[in-house]
Amino acid sequence: MAETTVAAVMEELAALEDPKARVVNEKHGDDHRVNLTKLRAVAKRLKTQQELAQQLWATGDTAARLLALLICRPKAFERDELDVMLREARTPKVQDWLVNYVVKKNPHAEELRVAWTADPDPVVAGAGWALTTERVAKKPEGLDLSGLLDVIEAEMKDAPDRLQWAMNHCLAQIGIEHVGYRARAIGIGERLRVLEDYPTPPNCTSPFAPIWIAEMVRRQSAE
């Protein structure tokens, strides 16, 4: 019965494939052709199904894995299971959804944050930094913010793209949320110039940390 269900879901995902979506997704390093709004609609209909989610993940198909992350039960995964999932997730979108929709809600999140941040694999380390950014914003107690800035200042400039992006996000978040470190965070951004020339669409905020920090602080002041 479960195999039939997986087969039916895979057939539905195949029917939702859109070549235009593939072109857009490939620009971001992703390889699926399913419009994410339609994928979310499928997830909404299926609701939470942990066993089905695990079977969809096991297919290795990117669209199936994205769907799995939407219908799974985040707290049901063991620590080592999540570690393996991150390492076998091949595309940025799957990695991002795994961290944001599952790991952040899992009781092992802090343990994984510490382990992943120190990992030699830059993609895994980037996931650790994403979890650190979450703590900077929501639960900074116990974090060494000055120490984080030391690491960012020393390593972000030459870090691989995805790790650099995650570290830059953490830098901006420290500057936005913690006024006592704001000047230093802006100074680091100005010296390193990371993502200064990143193409930013109209009405979007630049990921260049000094601009990002200034804009978010301005918005907070206007509220």
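Table for the structure above
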{"item": "Residue in the stretch 58-116 that is most open to solvent (accessible area, probe 1.4 Å), counting only those that are hydroxyl-bearing (Ser, Thr, Tyr) and in a helix (DSSP H, G or I)", "result": "Tyr101"}
{"item": "Failed criterion for Gly187 (all others in (1) more than 13 Å from the chain's Cα centre (by Cα); (2) touching a residue at least 40 places away in the same chain (Cβ under 8 Å) hold)", "result": "(2)"}
{"item": "Those residues of the stretch 1-28 which are closer than 11 Å to Thr62 by Cβ and at pLDDT below 65, in sequence order", "result": "Asn25"}
{"item": "Whichever residue in the stretch 133-184 is within 17 Å of the chain's Cα centre (by Cα) and open to solvent by 70 Å² or more (accessible area, probe 1.4 Å) and, among such residues, is farthest from Lys105 (Cα to Cα)", "result": "Asp161"}
{"item": "Hits in the stretch 48-74 (condition: charged (D, E, K, R) and under 15 Å from Tyr101 (Cβ atoms))", "result": "Arg65, Arg73"}
{"item": "Filter pass, Ala125 being open to solvent by less than 20 Å² (accessible area, probe 1.4 Å), aliphatic (A, V, I, L, M), in a loop (DSSP other than H, G, I, E, B) and at negative phi", "result": "no"}
{"item": "Flag if Ala41 is out of contact with any strand residue (DSSP E or B) (no Cβ under 8 Å at 6 or more places or on another chain), modelled with pLDDT of 95 or more and either surrounded by fewer than 13 Cβ atoms within 10 Å (Cβ to Cβ) or farther than 25 Å from Trp116 by Cβ (or both)", "result": "yes"}
{"item": "Cβ pairs under 8 Å, 6+ apart, first in the stretch 201-223 and in contact (Cβ under 8 Å) with a residue 12 or more places away in the chain, second open to solvent by 80 Å² or more (accessible area, probe 1.4 Å)", "result": "Pro207/Trp165; Pro207/Tyr198; Phe208/Arg193; Phe208/Tyr198; Pro210/Glu190"}
{"item": "Test set (1) buried (at least 16 other Cβ atoms within 10 Å of the Cβ); (2) in contact with a helix residue (DSSP H, G or I) (Cβ under 6 Å, 6 or more places away or on another chain); (3) charged (D, E, K, R) - Glu190 fails condition number", "result": "(1)"}
{"item": "Enumeration of residues in the stretch 44-57 that are open to solvent by 80 Å² or more (accessible area, probe 1.4 Å) and over 19 Å from Glu81 (Cβ atoms)", "result": "Lys44, Arg45, Lys47"}
{"item": "Entirely in the stretch 136-223, the helices (runs of 4 or more DSSP H) that have 3 or more residues that are modelled with pLDDT under 95, of a type in the set (A, V, I, L, M) and in contact with a Leu (Cβ under 8 Å, 6 or more places away or on another chain)", "result": "none"}
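The values are calculated or read from the model by the stated rules, or taken from the named source; none is laboratory data. Not measured: the values here are computed from a predicted model. All Cβ positions, even for glycine, are placed from backbone atoms using ideal geometry, and neighbour counts span all protein chains on display. Ligands, DNA and RNA are excluded from the accessible area calculation, which covers all protein heavy atoms including side chains. Shrake-Rupley method; radii C 1.70, N 1.55, O 1.52, S 1.80 Å.
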